There are 2 protein chains.
Amino acid sequence: MVRRGRSRDAGTETASPTTNYRNLVTPYEPLRLLSDDHVEHLHTSAIRYLADEGIRVLFDEAREIFAEAGCTVDGDMVRFDPDVIAEAIASAPSEFTLLGRNPAYDVHLGLGHVNLVPVGGPPFVSDLDRGRRDGTLADQENFLRMTEHFDVMSVAAPCVEPNDIPINIRHLHSIRSSMTLTHKPTFLFARGRDRVADNFEIIRLAYDITPEAFVEAPRCWTNVNVNSPRQLDIPMSMGIIDFARAGQVCILTPFTLAGAMAPVTMAGALVLQHMEVLAALTLSQLVRPGGPVVYGAFTSNVDMKSGSPAFGTPEAFKGALGSGQLARHVGLPWRSSGSSASTSVDAQGAYETMLNTWAAVLAGANWIMHAAGWQEGGLVASYEKFVADIDMCQIIAESLQPIGMTDADLALDAITDVGPGGHFFGVDHTLERYSTAFYDPLLFSRATYEQWDEEGRLTTEQRANAMWKQVLADYEQPPMDGAVAAQIDDFVERRIAEGGAPPD
Amino acid sequence: MVRRGRSRDAGTETASPTTNYRNLVTPYEPLRLLSDDHVEHLHTSAIRYLADEGIRVLFDEAREIFAEAGCTVDGDMVRFDPDVIAEAIASAPSEFTLLGRNPAYDVHLGLGHVNLVPVGGPPFVSDLDRGRRDGTLADQENFLRMTEHFDVMSVAAPCVEPNDIPINIRHLHSIRSSMTLTHKPTFLFARGRDRVADNFEIIRLAYDITPEAFVEAPRCWTNVNVNSPRQLDIPMSMGIIDFARAGQVCILTPFTLAGAMAPVTMAGALVLQHMEVLAALTLSQLVRPGGPVVYGAFTSNVDMKSGSPAFGTPEAFKGALGSGQLARHVGLPWRSSGSSASTSVDAQGAYETMLNTWAAVLAGANWIMHAAGWQEGGLVASYEKFVADIDMCQIIAESLQPIGMTDADLALDAITDVGPGGHFFGVDHTLERYSTAFYDPLLFSRATYEQWDEEGRLTTEQRANAMWKQVLADYEQPPMDGAVAAQIDDFVERRIAEGGAPPD
């Protein structure tokens, strides 16, 4: 709802453009890891491999779709006709808009667009007061409120699993919370056909549109992880099919952690990732040519001593650069991540998240998941990390804004007025601009050591603890028509009475 | 001396190139903030301003040099003939080598080269055991040992001020420590003619060369801060002249903190920075055409609420990108910084240092000062921050290495061997490469929450505390010929007996 950061005092003049943390667009050319020849080589190697060896598809409906299109199905193995892949690449849109409940919250995907997305998926939640514990619906609702509060977060995400809600009705509570607590386009899990149908219906009610209108434009998103290497399981295949049929956004993300589910070499991890995205993309486009899909890239590495996933690594940095090149090669918007292996809101967590998130932005990623609040390799959503990462995300957003280059911006008259050895604090040029000139951090302190010492030597984590409480206190629920809210409640109550829907 | 990070087991095979943390070269095109037209506009505006308005030069010898070259001297103001500036730009080398005491420690400056440099300048030092306190020679010596230990640090720096040594003999102790504790090219302060001469003489003795050979190639470096706005004071002008006469490396860094010593607009701060560098460059090149100089850029902003310097800001990010473009426009190697305002080794410090340091690397900076150990806006050198930042610097160094693209790197045979749904842990392709495949962090932990909890919930800062002690315990002093060491000692003792030299 509000934009923290620069204050916008009425009456102050500035030649600099107004910063808007929504609908960010990067002015920077993407960094390149690979030569064009190497990109083409990875791409053609992936297609040839899909044709010769293929992937395993565990869902019969998906295999039937591939078979009908002319792919070779042999048991649960599917080998791909390169022409079918080429058609899928051609039909997938290179840009599209994900609609918010309010047009101001629409989200654009396509070349140059940068969307920062909150943490998704952790079973645990953590804060300084209550420690690390199972996530609850109340926690997820708090993260939705924080997501709504900060413009730099593009969409709502499944920040933490509501473990206190029985599994068969969890999706109903989750989606109702998302629809009522934020205007932003929502995530939902592809965890079974009936659950997805429930979710779609509640979104349709919240947006107050017809079923026909619902499938005409995307209003929600999911992420499907391919079971690397080379396997699409039943729930994932079903999710791809269901989202394609409904015209909703499906991110296709191979789980290619080099050294474990992917080769230990980055070229091997990238070629595996690419073939898996192409296979999933083909399924999606066969169901609905032109449906909105996103090239998902999560290529990082494991720690070879422990086997645990590692984040914020140089390998992940290169993986992001290469992934961006491959995604642009096939003309798809693409997804990357900010993430960290750290178990606390300490320096390691910040180094790793900053490196990963910047790598994603500089690699030209259009959708950057886990950019705020992710901790412990994805096991924990941290309240304090969330707001600390928001400061980082806002710094990134500001870093994407151009600078003014007018005569007034060059300030040669002010330089003359100040004179040699003077200072600019008091001159008109400064006074006219000072309140909006620089990013004003949420948490990052410029206190002197003495001030910091007097105030109790608070760490970033401790300041973040006060900040998230303030954000929740300041939060204002977005308005919703009473009749719409009642329809949603009626639907949720009826489905709960019917026993909800278990995951498939 | 040793390279931490990837282990290099004998007999392991890898198609990936060997990583070398010395003499880093970036494979990435520099990020651009400004159009070519805007770069040219800032450049010509700076030159025109120097011609019309000029800068104040407080040192009469410097004014005489300018006057002799045809510049207009009016009181202490110097106005510049654009042709004189153009000649200085033309004569300044675009690349050069700074010699180590051992050729393996030579340092290259020029397009694409990336040198990461330790913290410089703080009066205070900090560690977890002893807290924040005045720096001592023993502390500086410890930082020199840590600098020698990690290959990713290119040169020795004045990490902390040895406040326990009387000012008149401090330079003698400092340079002797640097010459005996590390092979790397050393920094020295330009704080007075006699002191600089003492330093040069000790370096000459340590390198065991003639006075004629000394001035033929650079073996040490200094940094001169222009007193922004538009003023060159006596010690700074003297430093520029003395280093030029001796053919040693002088970094010319305007202290352009936007909103205080520079305009509040980034274009204004950049045009002021550029004119000040050009003025200092002209002085240097008039003394010694072709002498090694570096375009220094420190443009960041102040916090407009407190007036204190801010670091790791979006404004500093843009300042770095613009500075890189201006430096390349005049064909000079250039210097940037990693830095942070945080008072502790916490998340803020890591976010800020990572952002600044990456900004510098991606902006194409060739010399990145304060990349390890800087805290509290430059007031403190922290032992723990130093080793935490080393992990970051090594991650950056690894991120600059290309990936292998051979058939063995693409690993399609291994992908077939593993099969759908399998894993790569045990296959030969992994076993042959696992020990060198990924960066192995110094401090960044991938422990599970349970392990971390059992081990006492150590933060990055606490792990860093153990690490720097280990580094100091492992440190091996580089060998020095006994006669050379004796010559240095004799010189130092004689100069101490003579009363040393006070700063000018």
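The values are calculated or read from the model by the stated rules, or taken from the named source; none is laboratory data. Nothing here was measured: the structure is a model prediction, and the numbers come from that model. Because the Cβ atoms are built from the backbone with ideal geometry, glycine has one as well, and the counts that use them run over all protein chains shown.
Conditions (1) under 30 Å from B:Gln401 (Cα atoms); (2) at pLDDT below 95, marked per residue:
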| site | (1), (2) |
| --- | --- |
| B:Ser435 | yes, yes |
| B:Ala447 | yes, yes |
| B:Arg463 | yes, no |
| B:Lys469 | yes, no |
| B:Tyr475 | yes, no |
| B:Gly482 | no, no |
| B:Asp489 | no, no |
| B:Pro502 | no, yes |
Can you name the condition, by its number, that B:Ala244 falls short on among (1) crowded, with 24+ Cβ neighbours inside 10 Å; (2) without any contact (Cβ under 8 Å) to a residue 60 or more places away in the chain?
-> (1)
What is the residue count in the range A:78-116 for residues that are of a type in the set (Asp, Glu), touching a residue at least 60 places away in the same chain (Cβ under 8 Å) and farther than 30 Å from A:Ile203 by Cα?
-> 1
Yes/no for B:Leu232 being within 23 Å of B:Val380 (Cβ to Cβ) and aliphatic (A, V, I, L, M) | no
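One line per residue, one yes/no per condition, for (1) surrounded by fewer than 24 Cβ atoms within 10 Å (Cβ to Cβ); (2) of a type in the set (Asp, Glu); (3) closer than 30 Å to B:Glu498 by Cβ; (4) more than 14 Å from the chain's Cα centre (by Cα):
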residue: B:Asn102; (1), (2), (3), (4): yes, no, no, yes
residue: B:Val107; (1), (2), (3), (4): yes, no, no, no
residue: B:Gly112; (1), (2), (3), (4): yes, no, no, yes
residue: B:Ser126; (1), (2), (3), (4): no, no, no, yes
residue: B:Ala157; (1), (2), (3), (4): no, no, yes, no
residue: B:Asn168; (1), (2), (3), (4): yes, no, yes, yes
For B:Trp358, are the conditions met, namely being away from chain A (no Cβ under 11 Å) and aromatic (Phe, Trp, Tyr)?
-> no
Looking at (1) within 14 Å of another protein chain (Cβ to nearest Cβ); (2) part of a loop (DSSP other than H, G, I, E, B); (3) not acidic (Asp, Glu), can you tell me which one A:Lys184 breaks?
-> (1)
For A:Gly349, state whether it is within 7 Å of chain B (Cβ to nearest Cβ), in contact (Cβ under 8 Å) with a residue 12 or more places away in the chain and crowded, with 24+ Cβ neighbours inside 10 Å.
-> yes
Kindly establish whether B:Ala262 is free of Cβ contacts under 8 Å to residues at least 40 places away in the same chain and within 14 Å of chain A (Cβ to nearest Cβ).
-> yes
Filter result for A:Thr436 (surrounded by 13 or more Cβ atoms within 10 Å (Cβ to Cβ), touching a residue at least 40 places away in the same chain (Cβ under 8 Å), within 11 Å of another protein chain (Cβ to nearest Cβ) and at negative phi) | yes
Could you tell me whether A:Ile165 is among the β-branched types (Val, Ile, Thr), farther than 18 Å from A:Gly100 by Cα and touching a residue at least 60 places away in the same chain (Cβ under 8 Å)?
-> no
How do the pairs read when you match residues in the range B:393-415 that are at the interface with chain A (Cβ under 7 Å from one of its Cβ atoms) and without any contact (Cβ under 8 Å) to a residue 24 or more places away in the chain with residues anywhere that are in a helix (DSSP H, G or I) and among the polar types (S, T, N, Q), using Cβ under 7 Å and keeping only pairs 6 or more apart or on different chains?
-> B:Leu410/A:Ser45; B:Leu412/A:Ser45
Is there a residue being more than 28 Å from A:Gly319 (Cβ to Cβ) and either without any contact (Cβ under 8 Å) to a residue 60 or more places away in the chain or within 14 Å of chain B (Cβ to nearest Cβ) (or both) anywhere in the range A:151-161?
-> no
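Among the candidates B:Gly70, B:Gly75, single out the residue that is away from chain A (no Cβ under 14 Å), without any contact (Cβ under 8 Å) to a residue 60 or more places away in the chain and surrounded by fewer than 17 Cβ atoms within 10 Å (Cβ to Cβ).
None of the others qualify; the one that does is B:Gly70.
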Is there a residue being of a type in the set (Gly, Ala, Ser), part of a helix (DSSP H, G or I) and farther than 24 Å from A:Phe298 by Cβ anywhere in the range A:58-76?
-> yes
Of the residues in the range B:130-166 that are over 17 Å from B:Thr180 (Cβ atoms) and among the charged types (D, E, K, R), the one that is modelled with the lowest pLDDT is B:Asp151
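The rows are residues; the columns are (1) out of contact with any Cys (no Cβ under 7 Å at 6 or more places or on another chain); (2) closer than 24 Å to B:Thr357 by Cβ; (3) at pLDDT 95 or above; (4) of a type in the set (D, E, K, R).
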residue	(1), (2), (3), (4)
B:Ala10	yes, no, no, no
B:Ala15	yes, no, no, no
B:Thr18	yes, yes, no, no
B:Arg22	yes, yes, no, yes
B:Tyr28	yes, yes, yes, no
B:Asp36	yes, no, yes, yes
B:His41	yes, no, yes, no
B:Leu50	yes, no, yes, no
Might you check whether a residue that is crowded, with 24+ Cβ neighbours inside 10 Å, modelled with pLDDT of 95 or more and more than 25 Å from A:Asp83 (Cβ to Cβ) occurs anywhere in the range A:269-276?
-> yes
Enumerated helices (runs of 4 or more DSSP H) restricted to the range A:348-442, each holding at least 2 residues that are over 27 Å from B:Val226 (Cβ atoms) and of a type in the set (Val, Ile, Thr) | A:383-399
Which one is nearest to A:Glu29 (Cα to Cα) among residues in the range B:309-341 that are outside any helix (DSSP H, G or I) and facing another protein chain (nearest Cβ under 7 Å)?
-> B:Thr313
Return the only residue of A:Ala190, A:Ala197 being surrounded by fewer than 22 Cβ atoms within 10 Å (Cβ to Cβ), of a type in the set (Gly, Ala, Ser) and out of contact with any His (no Cβ under 7 Å at 6 or more places or on another chain).
-> A:Ala197
